[in-house]
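What follows draws every value from the coordinates through simple rules; no lab data is involved. Please read all numbers here as calculations on a predicted model, not as lab measurements. Heads up, the Cβs are rebuilt from the backbone with ideal geometry, glycines too, and the neighbour counts pull from every protein chain shown.
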């Protein structure tokens, strides 16, 4: 959430000035390879390597993990991660590749792991040297998260894991996974336990990763199969049977409602000058001005202009609503703004890309590598990718139920 700069404490103001100065001198510049729209679409090892170098540089400078204690690899600061996020966004830095690690795994490990496991795993996670993935979804457990069937069986001081996870973003690059398993077949919710498990080091030794090709042609998704994977008990988070509680910590942070803020994604997405942004109404307006239509441009169509204005209003409303979070008198429920943020942002981005289809007309069918594709073919790509984020972190239909029940106090849906 946006923070009013005038509300900075003396320590925060000093840190903000440091971030601004460091970013001026250490911006990584244009990437040497084409980057996808975001971290979850990464498939090129060279792109990953370059982005990992950028994350490590920012971490070493103290711009990532700011609010984690120093003993687990953090900066030991208070309320400074959001400042670093703001300044990285203003500087239009590249996105950070370890998005699942920072946004979901790190806070879950911090709040639920043993101290030695925190100290072992968090430094490499925050620096981006270890990429993380999330093992929640299964063929029969998507929005019904508690229907997990991947089973972990106790074997002395270890656990033996068997099962099948699917839609696992970044598993093809991941060193580690946060993993929700069933440990009791007779209790749906209290029969779940939560683990962190090695992935890349166990390929062929109990772990198989298979890419899933999306309709975009990208391979960000995977399925992961476990066959007698042996995991030490120290990598179990919290108590046996507490997996549902731990998963709620993960999901709260994934949905933007957790106390530890995710580092910023930055603002640069590829290696082209004048690169295309597909998450702003102003970019959509620029597209319309350059798209010919009946001797004029799409921007001359009053219906198109009207739709762009509606989206601009929604985008500004989101920005202003986020500012409310720093004004206690304007926050009627502490979870309202964080929980609705995921819902409205993903649907706005989808609607932006859908309108781009209308603006481009038949040209929207051109492949991203076609020189004739408007805006480098990024808008159709964004539209196809947009469905994944309206489903991730709990489908938006589920998110509406959460808002209705937990924020508005409505009766639970049947």
List the residue pairs whose Cβ atoms are under 6 Å apart, where the first residue sits in region 353-378 and is surrounded by fewer than 15 Cβ atoms within 10 Å (Cβ to Cβ), the second is in a loop (DSSP other than H, G, I, E, B), and the two are 6 or more positions apart or on different chains. 372/366
In region 59-92, anything more than 28 Å from residue 37 (Cα to Cα), surrounded by fewer than 21 Cβ atoms within 10 Å (Cβ to Cβ) and without any contact (Cβ under 8 Å) to a residue 40 or more places away in the chain is listed as 69, 70, 76
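Could you tell me whether region 200-212 includes any residue that is more than 19 Å from residue 117 (Cα to Cα) and in contact with a helix residue (DSSP H, G or I) (Cβ under 6 Å, 6 or more places away or on another chain)? Can you show your working first?
The first filter runs over region 200-212 and keeps only residues more than 19 Å from residue 117 (Cα to Cα), leaving 203-212.
The next check asks that each one be in contact with a helix residue (DSSP H, G or I) (Cβ under 6 Å, 6 or more places away or on another chain); those that pass are none.
No, that holds for no residue.
For region 19-27, check the following and say yes or no: at least one residue is touching a strand residue (DSSP E or B) at 6+ places or on another chain (Cβ under 6 Å) and within 30 Å of residue 380 (Cα to Cα).
As a first pass, look at region 19-27 and keep what is touching a strand residue (DSSP E or B) at 6+ places or on another chain (Cβ under 6 Å): none.
So far as region 19-27 goes, no, none of its residues is touching a strand residue (DSSP E or B) at 6+ places or on another chain (Cβ under 6 Å) and within 30 Å of residue 380 (Cα to Cα).
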Extreme residue, farthest from the chain's Cα centre (by Cα), among residues of region 138-153 that are without any contact (Cβ under 8 Å) to a residue 40 or more places away in the chain and exposed (fewer than 15 other Cβ atoms within 10 Å of the Cβ): 153
Name the single residue, out of those in region 210-221 being closer than 30 Å to residue 152 by Cα and free of Cβ contacts under 8 Å to residues at least 40 places away in the same chain, that is farthest from the chain's Cα centre (by Cα). 210
Run down 188, 234, 245 and say which single residue is free of Cβ contacts under 8 Å to residues at least 24 places away in the same chain, surrounded by 13 or more Cβ atoms within 10 Å (Cβ to Cβ) and farther than 23 Å from residue 170 by Cα. 245
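Regarding region 120-131, can at least one residue be identified that is without any contact (Cβ under 8 Å) to a residue 40 or more places away in the chain and either in contact with a helix residue (DSSP H, G or I) (Cβ under 7 Å, 6 or more places away or on another chain) or at negative phi (or both)?
Within region 120-131 (the criterion being without any contact (Cβ under 8 Å) to a residue 40 or more places away in the chain and either in contact with a helix residue (DSSP H, G or I) (Cβ under 7 Å, 6 or more places away or on another chain) or at negative phi (or both)), the answer is yes, since at least one residue qualifies.
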Go through (1) over 19 Å from residue 35 (Cβ atoms); (2) touching a helix residue (DSSP H, G or I) at 6+ places or on another chain (Cβ under 8 Å); (3) crowded, with 24+ Cβ neighbours inside 10 Å for residue 135 and report which single condition fails. (2)
So, of the residues in region 154-163 that are crowded, with 17+ Cβ neighbours inside 10 Å and within 28 Å of the chain's Cα centre (by Cα), which turns out to be nearest to residue 41 (Cα to Cα)? 163
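Among 345, 325, 382, 392, which is the only one that is surrounded by 20 or more Cβ atoms within 10 Å (Cβ to Cβ) and out of contact with any strand residue (DSSP E or B) (no Cβ under 8 Å at 6 or more places or on another chain)? Explain how you work it out, then say what you get.
Numbers: 345 fails: surrounded by 20 or more Cβ atoms within 10 Å (Cβ to Cβ); 325 fails: surrounded by 20 or more Cβ atoms within 10 Å (Cβ to Cβ); 392 fails: surrounded by 20 or more Cβ atoms within 10 Å (Cβ to Cβ).
Unique residue meeting the criteria: 382.
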Can you pull out the residues in region 13-34 that are free of Cβ contacts under 8 Å to residues at least 24 places away in the same chain and under 23 Å from residue 48 (Cα atoms)? 25, 29
More than 30 Å from residue 397 (Cα to Cα), in contact with a helix residue (DSSP H, G or I) (Cβ under 8 Å, 6 or more places away or on another chain) and in contact (Cβ under 8 Å) with a residue 60 or more places away in the chain - does that describe any residue in region 295-302? yes
